[in-house]
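Working notes, beginning with the structure itself.
The values are calculated or read from the model by the stated rules, or taken from the named source; none is laboratory data. Nothing here was measured: the structure is a model prediction, and the numbers come from that model. Glycine gets a Cβ as well: all are built from the backbone with ideal geometry, and neighbour counts include every protein chain shown. Surface accessibility is based on the protein's heavy atoms, side chains included, excluding ligands, DNA and RNA. Shrake-Rupley method; radii C 1.70, N 1.55, O 1.52, S 1.80 Å.
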Amino acid sequence: MEKTWRWFGPNDKITLDMLRQIGVEGIVTSLHHIPNGEVWSLDEVMKMKNFIEEHGLRWSVVESLPVSESIKFGGPDRDELIEKYKESLANLGRAGVKTICYNFMPVLDWARTDLEYPNPDGTSNLYFNRAEFAYFDIHILGREGAEKDYSPEVLARVEELAAGMTPEARHRLVENIIVKTQGFVNGNISEDDAAPVETFRSLLRLYDGIDRVTLRANMKYFLEAIMPVCRQYDINMCVHPDDPPLQILGLPRIVTCDEDIEWFLNAVPDSHNGLTFCAGSLSAGAHNDVVELARKYADRTHFVHARICNVMPNGDFKESTHLDPRLIDVIRTFETRRPDVPMRVDHAPLMLGDEKMGYNAGYSFHGRMLALGMVGGIMATINSEEA
Ligand code: DNO
């Protein structure tokens, strides 16, 4: 696989020169300064591309070209927004940037409750605590009928939490779930939003009455509309699985499991309609067997996210080591069957001073460097066995 790295643009504290020194071959980035829904002009695309190339690297993947909420819920301006999306795609195609990652998750991109969960060795990891998430849903958002979505065990944990909850801990949950994890991925809430919970509630209301069937129809509509441009420029679209791959906050989620993946690939049966195989997101659902899924969908995968989660019996999950045997198996599948596919690591621990650097959540330097070293070692071993 091609060793790539998610880099957040010229303001990223991690520079392209640093990345060359650690064996990165390709860059994964977005035009983060262009607001969601606006066209990426050829000029802006070329500026980024040239900047990356001047540093001896290449722009391998766009992550993400964000799909506006209105396209997802089917708002009155969706056709106009799809036309803009097509223009951006055409400009990327003209510039030769041809792998595009996006997601079709309503409102919330990825979800974690704890961004610095301490490990015994002094590092820390991202963590998803199901009861804390339910607490946020029931007691902070105050979503109507939210209790119905949780098991009695989770509700009992929520009550325990509620008894000891401090204003600081409530604030931290809001920050972790809807602010710090969202802004930097061009999500809906930015760090300077004065009333993030209010904003979030009004976003949730956009999906009143939208179920999985409608969301699927809207995804199909979007994909069918953009496929002609993808074919013209040979652009590979790759949807990121829902993270976590579960129904949350009363929102429909449609990229969560084998059946979902099969559905969207068959709904628009064109090789340009593909998958980002995020082993980490898929493994955060106990219903998914990532090793099997990798084997099944390797041919329709255009981008790989190498990381993996451990789900605990109570439904909490935590990122695991990049040397996890399941991840080794997934890497073996892609390295042997899809040697040219771009791959990046993420959600590695904070370590050796990373915690003081203010990196975007999940995107540490030392932690990711170590993870890339591990994954690179696994790839080299597989290749030497094959030879
Ligand atoms: C989080 C990421 C996601 C991903 C988007 C792709 O760390 O994996 O934010 O980039 O969902 O559209």
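So M343 ticks every box in (1) open to solvent by less than 10 Å² (accessible area, probe 1.4 Å); (2) part of a helix (DSSP H, G or I); (3) aliphatic (A, V, I, L, M) but one. Which box is left unticked?
For M343, the failing item is (2).
Any residue at all in segment 245-264 that's at pLDDT 95 or above, more than 16 Å from the ligand (Cβ to nearest atom) and among the hydroxyl-bearing types (S, T, Y)?
No, the conditions are met nowhere in segment 245-264.
N36 passes all but one of (1) assigned to a helix (DSSP H, G or I); (2) surrounded by fewer than 19 Cβ atoms within 10 Å (Cβ to Cβ); which number fails?
(1)
Taking L249, is it of a type outside the set (V, I, T), buried (at least 20 other Cβ atoms within 10 Å of the Cβ) and on the phi > 0 side of the Ramachandran plot?
Details: of a type outside the set (V, I, T): yes; buried (at least 20 other Cβ atoms within 10 Å of the Cβ): yes; on the phi > 0 side of the Ramachandran plot: yes.
In short, yes.
Residue check, R201 against (1) modelled with pLDDT of 95 or more; (2) open to solvent by 40 Å² or more (accessible area, probe 1.4 Å); (3) within 17 Å of V67 (Cβ to Cβ), all met but one. Which one?
(3)
Considering (1) outside any strand (DSSP E or B); (2) within 16 Å of the ligand (Cβ to nearest atom); (3) surrounded by fewer than 24 Cβ atoms within 10 Å (Cβ to Cβ), say which one K318 fails and leave the rest.
That leaves (1) as the condition not met.
With the requirement that a residue be within 16 Å of the ligand (Cβ to nearest atom), open to solvent by 10 Å² or more (accessible area, probe 1.4 Å), more than 20 Å from V28 (Cβ to Cβ) and of a type outside the set (D, E), what does segment 49-71 give you?
Across segment 49-71, the qualifying residue is only S68.
Would you mention how many residues in segment 23-56 are of a type in the set (A, V, I, L, M, F, W, C) and over 23 Å from E80 (Cβ atoms)?
7
Let me confirm something: among A298, A286, A306, which residue is open to solvent by 20 Å² or more (accessible area, probe 1.4 Å) and either in contact with a Lys or Arg (Cβ under 7 Å, 6 or more places away or on another chain) or not charged (D, E, K, R) (or both)?
Criteria check complete, one pass: A286.
Report yes if some residue within segment 290-298 is within 16 Å of the ligand (Cβ to nearest atom), of a type outside the set (D, E) and either under 18 Å from the mean Cα position of the chain (by Cα) or modelled with pLDDT of 95 or more (or both); otherwise report no. Quick ask: steps written out before the conclusion?
Initial filter on segment 290-298 (within 16 Å of the ligand (Cβ to nearest atom)): 290.
Subsequent filtering for residues that are of a type outside the set (D, E) retains 290.
Those still in the list that are either under 18 Å from the mean Cα position of the chain (by Cα) or modelled with pLDDT of 95 or more (or both) too: 290.
Yes - at least one qualifying residue is present in segment 290-298.
Regarding segment 96-114, can at least one residue be identified that is more than 22 Å from the chain's Cα centre (by Cα) and not hydroxyl-bearing (S, T, Y)?
So far as segment 96-114 goes, yes, one or more of its residues are more than 22 Å from the chain's Cα centre (by Cα) and not hydroxyl-bearing (S, T, Y).
Under 6 Å by Cβ, and 6 or more places apart or on different chains, what pairs join a residue from segment 347-366 that is closer than 15 Å to N11 by Cβ and assigned to a loop (DSSP other than H, G, I, E, B) with one that is open to solvent by 20 Å² or more (accessible area, probe 1.4 Å) and within 14 Å of the ligand (Cβ to nearest atom)?
N360/F184
Which of the residues belonging to segment 85-137 are farther than 30 Å from I235 by Cα, in contact with an Asp or Glu (Cβ under 6 Å, 6 or more places away or on another chain) and either away from the ligand (no atom under 16 Å from the Cβ) or open to solvent by 10 Å² or more (accessible area, probe 1.4 Å) (or both)?
S124, N125, Y127, N129, R130
I want to confirm something. Restricting to segment 14-38 and keeping residues that are over 22 Å from L65 (Cα atoms) and of a type outside the set (V, I, T), which single residue is nearest to the chain's Cα centre (by Cα)?
The residue in question is L19.
Grab the helices (runs of 4 or more DSSP H) fully contained in segment 199-299, keeping just those with 2 or more residues being under 24 Å from D137 (Cβ atoms) and touching a strand residue (DSSP E or B) at 6+ places or on another chain (Cβ under 7 Å).
Qualifying helices (runs of 4 or more DSSP H): 279-283.
Being out of contact with any Ser or Thr (no Cβ under 6 Å at 6 or more places or on another chain) and surrounded by fewer than 23 Cβ atoms within 10 Å (Cβ to Cβ) is the filter here; which residues of segment 72-84 pass it?
Passing the criteria: F73, G74, G75, P76, D79, E80, I82, E83, K84.
Does C230 meet the test of being under 23 Å from V345 (Cα atoms) and either aromatic (F, W, Y) or at pLDDT 95 or above (or both)?
So C230 does not fit the description; no.
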